[in-house]
1. Under the √(5λ) rule applied to the eigenvalues of the Cα gyration tensor, what semi-axes describe the equivalent ellipsoid of chain A? Give them in Å, descending.
2. For a test of the definition: using alpha carbon positions, the gyration tensor, and the 1.5 limit on a/c, classify segment B:66-168 as rounded, prolate or oblate.
3. Given R₀ = 35 Å, what would the calculated FRET efficiency be for B:Glu143 paired with B:Ser108, taking r from the Cβ atoms and rounding to 0.05?
4. When the Cα centres of segment A:114-133 and segment A:326-381 are compared, how far apart do they sit, in Å?
5. Please work out the ratio of the alpha-carbon Rg of segment B:154-310 to 2.2 N^0.38 Å and round it to two decimals.
6. I'd like the carbon and sulfur percentage of the solvent accessible area for segment A:99-243, probe radius 1.4 Å, heavy atoms only, ligands and nucleic acids excluded.
7. Considering the options B:Ala159, B:Thr138, B:Leu97, tell which one lies farthest towards the positive end of the dipole of segment B:89-173, charges being +1 on Lys and Arg and -1 on Asp and Glu at the Cβ, about the Cα centre.
8. For segment B:8-115, restrict the atom set to alpha-carbon positions and state the Rg and Dmax in Å.
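The values are calculated or read from the model by the stated rules, or taken from the named source; none is laboratory data. For clarity, every value in this text was computed on a predicted model and none was experimentally measured. Cβ atoms come from the backbone with ideal geometry, glycine included; neighbour counts cover every protein chain shown. Just so you know, the surface numbers come from the protein's heavy atoms only, side chains and all, with ligands and any DNA or RNA stripped out. Shrake-Rupley method; radii C 1.70, N 1.55, O 1.52, S 1.80 Å.
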Amino acid sequence: MSYSFTLSRPLQDYARTLREWSTTECRPYARQADEQKGRPENWREILDTAPIPLGRADKPELGQVPTFEDGDWITKLAFYEAINYGDVWVHPTLGGGIGDLVVKALGTPKQVAEWYDPIQQRGGATAFALTEPGFGSDTSMVATTAVRDNDSWVVNGSKMYCTGGAFAEYVVVFATVDKELGARGINAFVVPRGTPGFNVVKENEDKLGIRSWTTSLLEFDDCAIPLENRLGWDVDHPENSVGNGYGGALGALAFNRPNMAALAIGLAQASIDVVTPILKGQQAGFTPQRWSAVERDLEAMNATLERGRRINYLAQVTVDRGRPSRSLAAAAKGFAPETAERVIRRCIELLGPEGVSKELLLEKWYRDSKIMDIFEGSGQVQRIIVGRTLVGGLAG
Amino acid sequence: MIDLEPDEEQVEIAALARSIADELVAPSARDAEYAAAVPDDVWLKVFETGLVMPVAEEHGGGGVPGPLALLAIAENLGHGDPGIASAALWHAHAALLVGAHGTAEQRSALTRLATDPGARSAVALYEGFGRGPAELATSVAVEGDQVRVRGRKVGVPFAASADPLVVVGTDPATGAVRAVVLPHGTAGVTVVANPGSLALDATQLGAVDLDVTVPVSALLGGPDADPAGLLATVQRLRLLTASTAVGTALRAVEYAGQYATGRIAFGRPIASYQGVSFPLAEAMMRIEAARAELVDVTNAVVADPGGDHGTAVGQAVSYALAVAVQATRDGVQTLGGHGFIKDHPVELWYRSAATLSALDFDPLRDPFQARL
């Protein structure tokens, strides 16, 4: 069918199975993961119960997420929503982070062979360090420096909100080789764990939500790495260099944005689906008018999540077709996360004080959801990007 | 005649509350949360100011501030920290109800609350389901010389320890609002264990199941209590809690505004972007509107305690809490990633406003808007 938002039957089946598994096998560990600020110790055994391939980095032999005719990026949307429907702790345990993907996007063939291919073959954790204490949205403000000293690049600076940074086998660190060059001076460097001067200042931040995600504060103090660790740069044959990668890094981030919107939709849909039967059980406590209002709210919330999904599809179809739209990706990221926050809050309000109790996961998901309108570009930044399609650089 | 000048008492009390909030309450916010209790020294100092124990001098208190002064206390303490403010104020609510409507014997018991900083009392008011006080399903039935209380209360402060616990319900015979004063340990009061909440841990919120039979002397104000007057005071308690949230909203906006003037992105302070400054400006506009509404409705309730203020109070409470929820949300959003970590207090305000909003929510007043 042309111009249809309906997923193929096989993808629907895969997503439903994933969602049910995530709910029954993973959600019971949600509170524990939040309180212990980490994945459950038996996460491997929990993942082993999955009836479908998840694309685990630690056990690639169990298979990748299948290919569906809907397209790889549409598949990711269904995947992220379904897996996050159980709880937020699950999906970071599958992959080893996104550092290797940056290598793939920015590296020379030799670098890809050294740092990307092995991760794909044997699994492993990698990380991506761009944000610093002094900036978030404005990535041209990278203050971390990489200075050449004979056969080394010497990295100095701080990086925060680095997911998996404390345990990754290497971190792809964005640093400037020449501040005078502005954004053009920003390069990506592979910094292996254990390199002298690579310090984990704080393994995990004390956060409002997504506490099970390891969000590290890193410091690079005269951290010397080999020349060939500068991505996209061929030390022996500069003519083979593929560029500094700054734009590439942001491009890679842009296409991941709808995936983050899908995470938010997963949490919001889970919240609606948790409160709906509870509310129905309590229907007798409501006046008929109030019960009508409750039903109307549930209906409106379900409808608005569907809107979020459709924008996500619009955005990611463009990626699957090879003509990615940064504007649609931004629209998707600008829409669902903020909407999801409001949906989860309303679910809490409809239940009353029971909704804020730790007996249920709603209060946790309300905390978890807040980051989704902040990371990978805040709602404000997304609106600037969308605005620029209308009015160009004047948007700001 | 319109007169928007606060009187001397209101000005002085607001200033005192703000200074206590700045110097004492705000710095202790995290400690209170981690301990799930207001630290003893903080409680003692707040208690000694007399701001949060509205008890007449004849019962050992420092006097009962006027209705608008009480609103100002709630807002200004909420500006310091909603958790500590709510703990102190909700303890005060019991004294307020008993002082205004209790029998002589009930009022004489206020001396303990006024003089013992270790005392914790509470009003069990909320039930969820969007119910206003006139619709409470908890029944307070007079049966001869006894009164039977049955129902379930949620969002009860100091649920496990309140002494007394003042339970508000309705008389099934008349439909009128009634309340009973229950000493701690009264048989038939079952506290539902609560593993903790999104925020306001210092208030030790919980649910209470009630099936209690006590002598009729436990009825607040006795069998002949004036239900209209009692209802009016209960409505004011709701407005006071909404005022606390307004104070928190203001603090969040001020904090975010200050952050935005110092944080640089794309070559200038982020406050210079309308995408950042306008949400904060919207919040400021709405905070003004919400505070004015709380004052206006409080005045109306006080001027005519027998009138039907359910709609006006419902509107004012619903609006103020919605404003607080959005303002505190925008506070986190303004700080971005920094707002998401506990190095800054905005995340605590975000959680607290949502918790307050869940206490007193009516789906009829605030339909979910698919506004994005």
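1. Details: eigenvalues 286, 101, 88 Å².
The three semi-axes for chain A are 38, 23, 21 Å.
2. Numbers: a/c = 1.83, a/b = 1.30, b/c = 1.41.
Cα axes put segment B:66-168 in the oblate bin.
3. Details: r = 26 Å, r/R0 = 0.75.
Computed FRET efficiency for B:Glu143 and B:Ser108 comes out at 0.85.
4. Each part reduced to its Cα centre gives a spacing of 28 Å.
5. Numbers: Rg = 21.7 Å, N = 157, 2.2 N^0.38 = 15.0 Å.
Output field value: 1.44.
6. Details: 2870 of 5950 Å².
The nonpolar share, carbon plus sulfur, comes to 48 percent.
7. With unit charges placed on the Cβ atoms, the residue in question is B:Ala159.
8. Looking at segment B:8-115, its Cα Rg and Dmax stand at 13.5, 40 Å.
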